[in-house]
Amino acid sequence: MTEALGQHYLEDSIASLRAYQKMAEKALDQLQDEEYFRTLDEEGNSVAVIMKHMAGNMFSRWTDFLTTDGEKPNRNRDMEFVIDPKTTVRELREYWEKGWQCVFATLEPLGADDLMTRVMIRGEEHTVAQAINRQLMHYANHIGQIVFLAKHFHASDWKTLSIPRNRSAEFNIRLQNQPAAKDAEGAVE
């Protein structure tokens, strides 16, 4: 892998992760506190559970990323799916934010020469690039769940996170009129 390609991959991965976080937080901002804890059925996860699980995963995977197994011995994954009834939304959001800080504090110093370094996750060897891809997929899955639940709870008053229905032509015209500007609303295709 060339230096430029490797650096581009890292920058794009970090940008994707920041976009995932932003999308999730735009969905979270539309929730009432009690909705963080609602499930669709007995087996479903609440937004709170998904957030707690993601943050727990982030701490485990990204702490001492290059030198220790990504499944830390002190991680209690099963407890990530249990929410203490006294847990507040503020506590959840703080834990969530610390998880993301751990991700970016680990990824931002990496260079292209790190991408082929071998790391372990649950005793399985991965290159750094493979480990990043694994987490990109995992986080995208859970962000999608958060967005789905938030949209489900707010079907009638949902503020879209992407191009609104029946507004694609308008969106495309706006992009054509401002080719160098990024969509201020963070819309995705």
* **Whichever residue in the range 61-78 is touching a helix residue (DSSP H, G or I) at 6+ places or on another chain (Cβ under 8 Å) and assigned to a helix (DSSP H, G or I) and, among such residues, is farthest from ARG134 (Cα to Cα)** => ARG77
* Could you identify the single residue in VAL119, VAL82 that is of a type in the set (Val, Ile, Thr), exposed (fewer than 12 other Cβ atoms within 10 Å of the Cβ) and either farther than 23 Å from ARG18 by Cα or in contact with a strand residue (DSSP E or B) (Cβ under 7 Å, 6 or more places away or on another chain) (or both)? => VAL82
* Name the residues in the range 25-44 that are over 13 Å from VAL89 (Cα atoms), in a helix (DSSP H, G or I) and of a type outside the set (D, E, K, R), would you? -> ALA27
* Go through the residues of the range 132-152 one by one and say whether even a single one is in a loop (DSSP other than H, G, I, E, B) and out of contact with any Gly (no Cβ under 6 Å at 6 or more places or on another chain). => no
* Considering only the range 79-125, how many residues are under 23 Å from LEU5 (Cα atoms), outside any helix (DSSP H, G or I) and touching a residue at least 24 places away in the same chain (Cβ under 8 Å)? -> 7
* To do: Residue by residue through the range 96-105, note down the ones that are buried (at least 17 other Cβ atoms within 10 Å of the Cβ) and either under 12 Å from PHE65 (Cβ atoms) or not assigned by TED's automatic domain parsing to the domain that holds PHE59 (or both).
  => CYS102, VAL103
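The values are calculated or read from the model by the stated rules, or taken from the named source; none is laboratory data. Computed from a prediction, not measured in an experiment: that's the story for all the values here. For neighbour counting, all protein chains shown are included, and Cβ atoms are generated from backbone atoms with ideal geometry for every residue, glycine included.
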